[in-house]
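Take a look at the structure below.
The values are calculated or read from the model by the stated rules, or taken from the named source; none is laboratory data. Note that this is a predicted model, so its numbers are computed, not measured. As a convention, Cβ positions derive from the backbone with ideal geometry for all residues, glycine included, and neighbour counts pool all protein chains shown. To get the accessible areas, we keep the full protein, side chains included, count just its heavy atoms, and leave off ligands, DNA and RNA. Shrake-Rupley method; radii C 1.70, N 1.55, O 1.52, S 1.80 Å.
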Amino acid sequence: MIARPALPGDAPCAAELIAATMDSFGQSLFGRGDRRLLLRSIAALFTLKGNRFSHEFSTLAEIDQQTAGLLLAFPARVQIKAQLRLAGDLPAILGWRAALRLLLRALPAVGAREMAGGEFYIAHLATHEEFRRKGVARFLLETAEGLARSAGLSKLSLIVVPENQPAVSLYRGWGFSIAEVVQTHWFERGLRASSHYRMVKQLI
């Protein structure tokens, strides 16, 4: 298994993996219930630079030259810039009306806490279904640790909904602990969840 930086041409496969981590919330937010629109939107954002779905923040795991998984992660210090770039990119991808609708739907999420200063934030981590139970997620978590250290950071962080117990167990087993439970009532419509765990791992 190898890890390599993602390229714009990886967008179709990467969009599938990113969308898999967003569940019905992503489809509701980006695709207005249409999975194809969600995938097109994420793929288009992935090809661009600087937004929070960009290939610049993405690493692919490969097995026998096939994409086995994806890690999309970045230092917390770039969050605001990446969010603003995302807002700026949306009109060209969705059109002004659709972009404005999306931003208005996402507005309640603005205050939701995802990360804190000094952390390397794992926004999306996904394994292709054909390569599950082959250690891909752990390989990508190990990759994230290396990227964090290269960025001069000593903490990893992520969010996960409590209902996703397999993921919670994976992260606990990798040394993450629950730093706080963040109430996210705005999530209920898309994910049927009213909170998420913010999990943090201190790197040695």
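Starting from segment 37-54, keep only residues that are of a type in the set (Gly, Ala, Ser), then list their pairs with residues that are open to solvent by 10 Å² or more (accessible area, probe 1.4 Å) and in a helix (DSSP H, G or I) whose Cβ atoms are within a distance under 6 Å, requiring at least 6 positions of separation or different chains.
So the pair list comes out as 41/93; 43/12; 44/93; 50/85.
Would segment 82-95 turn up any residue that is touching a Pro at 6+ places or on another chain (Cβ under 9 Å) and not aromatic (Phe, Trp, Tyr)?
No, because not a single residue in segment 82-95 is touching a Pro at 6+ places or on another chain (Cβ under 9 Å) and not aromatic (Phe, Trp, Tyr).
Condition first: farther than 12 Å from residue 200 by Cβ and either in contact with a helix residue (DSSP H, G or I) (Cβ under 8 Å, 6 or more places away or on another chain) or open to solvent by 60 Å² or more (accessible area, probe 1.4 Å) (or both). Now tell me which residues in segment 173-183 satisfy that.
Correct list: 173, 181, 183.
Considering only segment 187-204, state which residues are open to solvent by less than 70 Å² (accessible area, probe 1.4 Å), more than 20 Å from residue 119 (Cβ to Cβ) and either in a helix (DSSP H, G or I) or modelled with pLDDT of 95 or more (or both).
187, 190, 191
Go through segment 139-168 and count every residue that is at pLDDT 95 or above, assigned to a helix (DSSP H, G or I) and open to solvent by 20 Å² or more (accessible area, probe 1.4 Å).
Residues flagged as at pLDDT 95 or above, assigned to a helix (DSSP H, G or I) and open to solvent by 20 Å² or more (accessible area, probe 1.4 Å) within segment 139-168 amount to 8.
Does any residue of segment 24-38 turn out to be in contact with a helix residue (DSSP H, G or I) (Cβ under 9 Å, 6 or more places away or on another chain), closer than 22 Å to residue 120 by Cβ and either open to solvent by less than 70 Å² (accessible area, probe 1.4 Å) or of a type in the set (Ser, Thr, Tyr) (or both)?
No, every residue in segment 24-38 fails to be in contact with a helix residue (DSSP H, G or I) (Cβ under 9 Å, 6 or more places away or on another chain), closer than 22 Å to residue 120 by Cβ and either open to solvent by less than 70 Å² (accessible area, probe 1.4 Å) or of a type in the set (Ser, Thr, Tyr) (or both).
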